[in-house]
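Enquirer: Before I ask anything, here is the structure I am working with.
The values are calculated or read from the model by the stated rules, or taken from the named source; none is laboratory data. Since this is a predicted model, take the numbers as computed values, not measurements. A quick note on method: Cβ atoms are made from the backbone with ideal geometry, for glycine too, and the neighbour counts reach across all protein chains shown. Note: areas computed on protein heavy atoms with side chains; ligands, DNA, RNA excluded. Shrake-Rupley method; radii C 1.70, N 1.55, O 1.52, S 1.80 Å.
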Amino acid sequence: MPTTRTRTSARLSGEQPTTVESGKRRARQIAVIEIDDDFDTSVNPASPDSPSKKQCTDASAARIRSASARFGDIAAENSGRSRPPLATITSFPPMTNGGLSKHSANIITPPLETQESKEPNPNARTPSKARRSLMMSAPAVVSDSSSPNTSSGSSDEENVTEKPIAKKRNAFGHTAVNAITYPANVKRVYQVVNRQTGSIGGNGHGGAIYGELTVGSMQKMVNMMKVHTGLDENSRFIDVGCGLGKPNMHVAQDPGVQFSYGIEMEHVRWLLGMSNLDQVLREAQRQDRGGSVLDVSGNSIIGHRCTLAHGDITEAQFFDPFTHVYMFDIGFPPRLFYQLADMFNRSSSPYLICYHGPKLMVERYGFDIELIIQLSTSMHGSSEGHMGYIYRRVQRRRRSTGKGSRKLICPTGGAGLPSDVPCDPLFAEPWRETRQSLDEHAELVRERVTSSFESCRKNRTRSSRRALNN
């Protein structure tokens, strides 16, 4: 004869209540209520004696109400006891409802822990409402009595479901992610730069609209470049619109590129970037003399193969000799993108890293590139975030512009580079500067910073005023 089994589970608190009010309040937290509905007749919708779904539901609800009332009676009986029993299993008699002949319900009170014998701690903090709700929602260790144990000789522990370990969550329910790690020299460089000019950036012609990537986002970009583009100690890196120079100084430490060059056309921001570079090179000199807080070992050595220039990138014809062209191009005008596309297509630089998608870079501006990978980044001081894109060069056939047109060829073997490495004349002198020793390079940067700060207009004297009036 077919049977229908209905099982309803609720939750029970860890101790038996001692008052009727607490019993009614804890009736919603019943640990295990199992209701087995066995029907004497077949479940046939056409038969008038067959129970319906509504009757099964009403019977289950009546059984739960009966369990709640019974639970209040148990609380009243325990109110006069000094200590409730360690475990209580309460069974209810069968009841009939609409052809139902058998309903069994069991309330299993979990055993009391041995902590009851301990004295209460007056300094213990009461859990908050949110903490209590989390504790109530956590699954308890409950034995599954409804499933028979078919294996012979097995212990009762095999039917016990262990409580899962809760995952750490941040605010608003977001799961915690692994923190991004970066070398000690990168951390020290950012400490020096933040002490000099701050972490938000700005301070230039547009103020705060000039944003700066966080150190974690920049490290993510560097890690992706190392994995997908082979960025290493032999790479040459250029930042178009370098601003305060953080990306250049970052890659000069990790992975320690051969040549890190940044160009900025806004004078105030370039001067701030040179001030940052000056302080970083001073820290590298203190480290070289043994006076730095970092140990001179492994990834702690501060690299100095970095330089920043004040100029216009369109004065160059090629991006050679750089292997990685990086630009935070959020505020670039469309006209500049077309010029940069012509420069890149004429060059032999294999990789381009920017913050515009393929629809603009390839279809609109005409870069000869294809997408490798993309990743999200965040910025200091705001919730603004941008998607970073890493591209590789591809060869595309283009129409000739006419009979008199000729392809520009970048000169090779200049500025001390290998004979097979092309180099645009605009980048030859900066390459030679980074080949100098640490002390020579630091002295050159210091002279440029000092001369730039001292280039302000001199005070006019009376004799100069007379000369101007005459």
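Enquirer: Take the residues of region 326-356 that are touching a Cys at 6+ places or on another chain (Cβ under 8 Å) and more than 24 Å from T377 (Cα to Cα): which is surrounded by the fewest Cβ atoms within 10 Å (Cβ to Cβ)?
Expert: Checked region 326-356; the qualifying residue surrounded by the fewest Cβ atoms within 10 Å (Cβ to Cβ) is S348.
Enquirer: Follow-up. When the residues of region 253-273 are filtered to those that are part of a loop (DSSP other than H, G, I, E, B) and more than 29 Å from the chain's Cα centre (by Cα), which remaining residue is nearest to M225 (Cα to Cα)?
Expert: My answer is Q258.
Enquirer: Test E315 against the criterion of being surrounded by fewer than 16 Cβ atoms within 10 Å (Cβ to Cβ) and touching a residue at least 60 places away in the same chain (Cβ under 8 Å), and give yes or no.
Expert: Yes: the conditions hold for E315.
Enquirer: Separate question: D278 is checked against (1) at pLDDT 95 or above; (2) buried (at least 24 other Cβ atoms within 10 Å of the Cβ); (3) of a type in the set (D, E, K, R) and fails just one. What number does that condition carry?
Expert: (2)
Enquirer: Can F367 be described as open to solvent by less than 50 Å² (accessible area, probe 1.4 Å) and either within 22 Å of V251 (Cβ to Cβ) or in a loop (DSSP other than H, G, I, E, B) (or both)?
Expert: Spelling it out, F367 is indeed open to solvent by less than 50 Å² (accessible area, probe 1.4 Å) and either within 22 Å of V251 (Cβ to Cβ) or in a loop (DSSP other than H, G, I, E, B) (or both).
Enquirer: Among the listed residues I353, I372, identify the single one that is within 22 Å of the chain's Cα centre (by Cα) and within 23 Å of A252 (Cα to Cα).
Expert: So the residue among I353, I372 that is within 22 Å of the chain's Cα centre (by Cα) and within 23 Å of A252 (Cα to Cα) is I353.
Enquirer: Scanning for something over 25 Å from R282 (Cα atoms), open to solvent by less than 20 Å² (accessible area, probe 1.4 Å) and touching a Phe, Trp or Tyr at 6+ places or on another chain (Cβ under 9 Å), does region 428-444 turn up at least one residue?
Expert: no
Enquirer: Ok, one more. Filter region 375-396 down to the residues that are closer than 23 Å to V215 by Cβ, surrounded by 15 or more Cβ atoms within 10 Å (Cβ to Cβ) and out of contact with any Ser or Thr (no Cβ under 9 Å at 6 or more places or on another chain) and list them by number.
Expert: Hit for region 375-396 is Y389, nothing else.
Enquirer: Output the residues belonging to region 225-268 that are open to solvent by 10 Å² or more (accessible area, probe 1.4 Å), under 20 Å from Q339 (Cα atoms) and acidic (D, E).
Expert: Hits for region 225-268 are E264, E266.
Enquirer: On the basis of being of a type in the set (D, E, K, R), modelled with pLDDT of 65 or more and either assigned to a loop (DSSP other than H, G, I, E, B) or in contact with a strand residue (DSSP E or B) (Cβ under 6 Å, 6 or more places away or on another chain) (or both), does K407 make the cut?
Expert: Values: of a type in the set (D, E, K, R): yes; modelled with pLDDT of 65 or more: yes; either assigned to a loop (DSSP other than H, G, I, E, B) or in contact with a strand residue (DSSP E or B) (Cβ under 6 Å, 6 or more places away or on another chain) (or both): yes.
Yes; evaluated as a whole, the condition is true for this residue.
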